[in-house]
1. Label ASP142 and VAL182 with points 7 Å out from Cα along Cα→Cβ: what is the distance between them in nm?
2. By its C-alpha gyration tensor, with a ≥ b ≥ c as the square roots of the eigenvalues, how is the chain shaped: rounded for a/c under 1.5, else prolate for a/b larger than b/c, else oblate?
3. Roughly how many whole Å is it from the C-alpha centroid of segment 147-173 to that of segment 80-128?
4. What net charge do the residues around ALA263 carry, taking every other residue with its C-beta under 12 Å from that of ALA263, with Lys and Arg at +1 and Asp and Glu at -1?
5. Considering all projection directions equally, how large on average is the shadow of the alpha-carbon convex hull of segment 134-288, in square nanometres?
6. Compute the helix-to-body angle for 298-310: its Cα long axis versus the longest principal axis of the chain, expressed 0 to 90° and rounded to tens.
7. Among rounded, prolate and oblate, which fits segment 26-69 when a ≥ b ≥ c are the square roots of the eigenvalues of its C-alpha gyration tensor, a/c under 1.5 means rounded, and a/b larger than b/c means prolate?
8. Please list the non-local residues whose amide H lies under 5 Å from the amide H of GLU48, H modeled 1.01 Å from N, same-chain partners needing a gap of 5 or more.
Amino acid sequence: MATMATTTVSVFTLGGTISARGGGSSPRLTGAEVLAAAGAVPPGVEVEVHDVRRLPSSSLTFEDVADLAGRVDAATAEGHGVVVVQGTDTLEETAFLLDLACARRAPVVVTGAMRRPDLPGADGPANLAAAVAVAADPGCADLGVVAVLADEIHAARHVRKAHTTSVAAFASPGAGPLGRVVEGRPRILLRPAGPPADRPLNLRGAARVALVTLTLGDRGELLEGVEERFDGLVVAAFGAGHVPTWLVDPLAALAARMPVVLASRTGAGPLLSETYRGPGSEHDMLGRGLLPAGPLDAPKARLLLHALLADGADHARVADAFRASNG
Ligand code: ASP
């Protein structure tokens, strides 16, 4: 009788609501306990659990993600699929950083939960079971890092936490999900375009990138001191990439000294490049040396700039990467 080949999935846990115990808010359950609640793993799949951190995801750092990326690469080098279990607050950021930093050898999935394990309708077990199913499927290896929650499969570069409490909190507003988990198996509907930068990028270098969100009547006080304290800046501008006329010169001056990326604060849709042409328009600011975030939202643009600078990229390489991400 032929024996079924076994796929190994390495599960790395970082904490979050999925591992909160009782009424407490801090993550306490071990990965093995979280996995036990997810029920039986699919036939032919073996799961290895590694507790890496037990933190609320708001307290994760670049060093934590760089360490995680090393563990993920070591697991995929062994041919394992990977699931990262963490809090949902920064899940999209971890997923995108892993997408930039890890080799694409096997599926890498990030998941979490919106409801604690002790609440009615806790979503952690179902999310983890769906994530393991995706991580075990070699057909998902070329998707890049994905987030799997509420049975939806989202590309790291598009996914956002779009609601504070809903169990359907995760969405890809600029693109839609890549697929769904149906009857315990991934069904892929779309495959993402090529990676947003030449990768893998090494996250271990030092880099400080500021993100400043513009608001009505903004006088630019938060831009003061950026040059001394940061290596790069992302401006979450109005609409399709617009800034107040009085910030044109200060931003252009900063862009002459460090990479300054123009992104939109809206959270969905591409940055424009030539529709509006007056002072402070996207055409004006890109002409003055700001770099276009393209389809990346402002937090993701910050992570791409961080990863490029941490990897030692010079201005030309940074500019090429952002121009390429415009597709
Ligand atoms: N505060 C939690 C965290 O991000 C929220 C969650 O896991 O959903 O760690």
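Quick note: the coordinates plus some simple rules give every number you see, no bench work behind them. Computed from a predicted model, the values in this text were never measured in an experiment. Every residue, glycine among them, receives a Cβ derived from its backbone with ideal geometry; neighbour counts consider all protein chains shown.
1. Computed distance between label sites ASP142 and VAL182 equals 2.2 nm.
2. Verdict is prolate for the chain.
3. 10
4. Value of the local net charge: +1.
5. Working: hull surface 46.9 nm².
The Cα convex hull of segment 134-288, projected and averaged over all directions, gives 11.7 nm².
6. The two axes meet at around 90 degrees.
7. Working: a/c = 3.43, a/b = 1.73, b/c = 1.98.
In terms of gyration-tensor shape, oblate.
8. VAL9, SER10, VAL11
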